[in-house]
Amino acid sequence: MKTKTEELTKLIYNAPIGQYIGENGARTLAEKAAQKLDLEDDEVLCEKGVSTNSFYIVTKGRLAITSVAKEKQTPAILHVLEKGDLVGELSFIDGSAHAETVRSLGNSSVISFNKADIDPLISENPELIFNFMRAVIKRVHSTLTAINRQQTELFTYIQTGGRGRL
C-alpha cells in the first residue's frame, strides 16, 4: 500500500512540473509542501476576491472557472481546467485575490502548494524552487499564449462576420 508521501510524489512527478523538478524534487515537495485535496461536485476551491496564497495542480476531474453576472444567478463557465492545469498561481506568487471563482465539475482532486510551506525551501533547496517556479511560469506562459490565440480567432471571426480570414 502506498504512503501519502509516495502518492503525492507520483502525482507531482506525473504533473507537467515533474519534467522540471525530477523525482527527487517531487519527493521533497511531497514531504514538505504539498497536500492532496479531494473536491465534491460543485465545491468551491477558490473564491473571487479572496487571496489564498496557494496554488493548485488539477490531478483528477475537471474544475470550472466561473463568473456570476449581476442579472444572472447561475454562474457562467468561463473556462474548464483539466488534469495538469494550474489554478491560483498569481495568488501564490504575489498574494493577489482570485479574479474569479473556481469550482469542481464532478468529483475532482488537486495538489495544493501553500506559500508558507514553499518559502523555507527557498534557502534549503534553491535549485528545486528555481525549477519549480520555472515550471509554473512556463505553464502561465502557455496559458497566456492560448488565450491570445483564442482572442485573435474571435477578433477575426467578428471582423469577417464568421466567414474566416480578413
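The values are calculated or read from the model by the stated rules, or taken from the named source; none is laboratory data. Keep in mind it's a predicted model, so treat the numbers as computed, not measured. Virtual Cβ from ideal backbone geometry, glycine too; neighbours counted across all protein chains shown.
Points to keep in mind about this one:
- Of the residues contained in segment 156-164, none is found to be closer than 16 Å to GLY18 by Cβ and modelled with pLDDT of 85 or more.
- On the stretch given as segment 93-140, residues that are part of a strand (DSSP E or B) and of a type in the set (D, E, K, R) total 1.
- Residue within segment 96-114 that is crowded, with 20+ Cβ neighbours inside 10 Å, at pLDDT below 90, aromatic (Phe, Trp, Tyr) and out of contact with any Pro (no Cβ under 9 Å at 6 or more places or on another chain) present: no
- When restricted to residues that are under 18 Å from VAL136 (Cα atoms), of a type in the set (A, V, I, L, M) and in contact with a Cys (Cβ under 9 Å, 6 or more places away or on another chain), segment 78-106 contains 1.
- Annotation: LYS83 fulfils all but one of (1) assigned to a loop (DSSP other than H, G, I, E, B); (2) at pLDDT below 90; the unmet one is (2).
- Taking segment 115-132 as the range and being free of Cβ contacts under 8 Å to residues at least 24 places away in the same chain and surrounded by 14 or more Cβ atoms within 10 Å (Cβ to Cβ) as the test, only ILE129 passes.
- In segment 3-33, residue nearest to PRO120 (Cα to Cα) [restricted to those that are surrounded by 21 or more Cβ atoms within 10 Å (Cβ to Cβ) and touching a Phe, Trp or Tyr at 6+ places or on another chain (Cβ under 6 Å)]: ALA33
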